[in-house]
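Worksheet: the structure to be examined is printed underneath.
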Amino acid sequence: MAQVLAPGSIVVADWHRCNESKQYFSKILHRKRRRHFGLLEFPVMPPHVPVDTIHYKVFISGKSGVGKTALAARLAGLNIPNVHYETTGIETTVVYWPVKLRESGRVLFFRLQLWDCGENALRRFDHLLPSCKEQVDAVLFLFSFTDRTSFDDLSNQIAKWTDTTEDRVVKLVVGTKFDLFMHCDVAERDVKVFQKTWSLPVLHIGGEVSDGFGDVAPLLNCLTEQLWHQDCVTAGSANYHLVQETV
């Protein structure tokens, strides 16, 4: 079973609220809103502030309609689509997130490339899932609090990632639409039983999207913390991901 880290045990959980973090978080903003990064773009720090950037590939898994595309947009600070549409192929989104390691005080930029693929496309084209799995570092298993079937389907999703060659893949569960209490089909007690059974972190997301970082910080901090911990456990792969950005 996976080890569930206590939040903030490796990275400073509320660092985005500290004054010392402003020079780093300002580099992922443009006119006080999140900056959209292309595949070849990255935050540029002053020469006297060297920061290591670590690259990771993250796959978002879940039934159609649970909010995979909306979650990717939310984490990147992009506009969330008002109307649901089925993702026809693979869509990728780049997210940069700075963290401060609690023990050493070292600051790192995490570059998360989020992969989102429509459920129907995965069923129709056999080559898509292997492409999503190739060199993947983490997978987010999504369910919607307004769709009980998506929660019951989590075990099937996880079963697709139980191959022994994928033991190093970080696995997190994310419950979307947590704010829609009137339409909730999944009880908190069910979530607690699931978390105890599978020993996987379960995070909630929902509510209004803010211009700040408060709504996405818990999820991004948890994800980066799990990724860094996994790389520390398997020290060889940590060297593979570490890249020093220079300009």
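The values are calculated or read from the model by the stated rules, or taken from the named source; none is laboratory data. These figures come from a predicted structure and were not determined experimentally. Note: ideal-geometry Cβ built from the backbone for every residue, glycine included; neighbour counts use all protein chains shown.
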Does the stretch 224-245 include one or more residues that are at pLDDT below 70, touching a strand residue (DSSP E or B) at 6+ places or on another chain (Cβ under 6 Å), buried (at least 17 other Cβ atoms within 10 Å of the Cβ) and not in a loop (DSSP other than H, G, I, E, B)?
yes
Subset of the stretch 93-151 (residues that are outside any strand (DSSP E or B) and of a type in the set (S, T, N, Q))
104, 120, 131, 135, 146, 149, 150
I'd like the full set of residues that are buried (at least 19 other Cβ atoms within 10 Å of the Cβ) and in a loop (DSSP other than H, G, I, E, B), limited to the stretch 14-41.
none
Taking the stretch 35-68 and the residues there that are farther than 19 Å from residue 89 by Cα and among the aliphatic types (A, V, I, L, M), the one that is modelled with the highest pLDDT would be 54
Criterion: of a type in the set (A, V, I, L, M), in contact with a Leu (Cβ under 8 Å, 6 or more places away or on another chain) and under 17 Å from residue 225 (Cα atoms) - qualifying residue of 90, 60, 54:
54
So is residue 9 touching a residue at least 40 places away in the same chain (Cβ under 8 Å), out of contact with any Lys or Arg (no Cβ under 9 Å at 6 or more places or on another chain) and closer than 30 Å to residue 162 by Cβ or not?
no
Which condition number does residue 62 fail, the rest of (1) small (Gly, Ala, Ser); (2) at negative phi; (3) touching a helix residue (DSSP H, G or I) at 6+ places or on another chain (Cβ under 9 Å) being met?
(2)
